[in-house]
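Structure, as structure tokens:
Just so it is clear, none of the values below were taken in a lab; they were calculated from the coordinates. Given the structure is predicted, the values throughout are model-derived calculations rather than measurements. Ideal geometry is used to build each Cβ from the backbone, glycine not excepted, and the neighbour counts take in all protein chains shown.
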Amino acid sequence: MGARGLDGTRAPLLELETRDEGLFHLRPGRITELIGVPGTGLTRLGLSLLSPHSRLAPVVVLDVRGWISPEAAWEAGVESSNLIVVRCQEGHLWPRVASALLEGVRALYAEVPPGIRDNDLRRLGALARARRAAVAMRPLAQRLPAGVAHLHLRGLGVTWEGADRGHGRLTRRRLMIEASGRGMAGVNRRFEVDDEGTDTVRLVSDVVVDQSGRIAG
């Protein structure tokens, strides 16, 4: 069971103690790009971004690797009754499948397979804006074309606590995420986030970095 709020309802995964309240919330008509190598917590982050929208309407996960499980989405706070998982491992069909989903859903987390043309991705970006769909895209190879994403969240790494020398119980993990793009008004920031395995993930700290990746100030 996930964490619950004072009103007894399931709490969203990302209850971040930050003034940037919209940073980890998918906004209608805008695309958030999730960038990074496997193992940096991006799948869980992408699923968690669907959580608030799933309380209002069905949400969709577009899975191209064939391994995202509904249980992982439920653990991230997505309402089970409003979750749809669509699997599409055929790259030549992916643009049409993604387009059809954007025509009819409130929020979408989509893995993007290698080889998708920039023009197709730009058309999907325009469709998301026109339909006011909230979208997170997780490119598995090349980045999204310039101008498609409003916000970029890059997974920089994960550290685990609770296990020593291969033994013990994992108690929490800590994600390091860098945010950039128009949604950050041109300022790059790094966020350290605690994940204790419940529906609540807590912001530990954040810093501003310059364009070379160095901490500013």
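Numbers below:
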read-out: Kirkwood Rh in Å, taken over all unlike Cα pairs in the range 23-99; value: 13.3
read-out: Distance (nanometres) between label positions extended 7 Å along Cα→Cβ at residue 122 and residue 71; value: 4.4
read-out: C-alpha center-to-center spacing [the range 74-106, the range 112-151] in angstrom; value: 14
read-out: Sorted by Cβ neighbour density within 10 Å, fewest at the top, the residues 68, 84, 116; value: 84, 68, 116
read-out: Label-point separation, residue 97 to residue 56 (7 Å along Cα→Cβ), nm; value: 2.7
read-out: Integer Hz, Karplus 6.51/-1.76/1.60 couplings in order for the range 42-57, x for Gly and Pro; value: 6, 5, 4, 4, x, 5, 5, 5, 7, 4, x, 5, 5, 7, 10, 6
read-out: Size-normalised alpha-carbon gyration radius of the range 104-163, reference 2.2 N^0.38 Å; value: 1.35
read-out: Amide H partners (placed H, <5 Å) of residue 136, local residues excluded; value: 32, 108, 109, 110
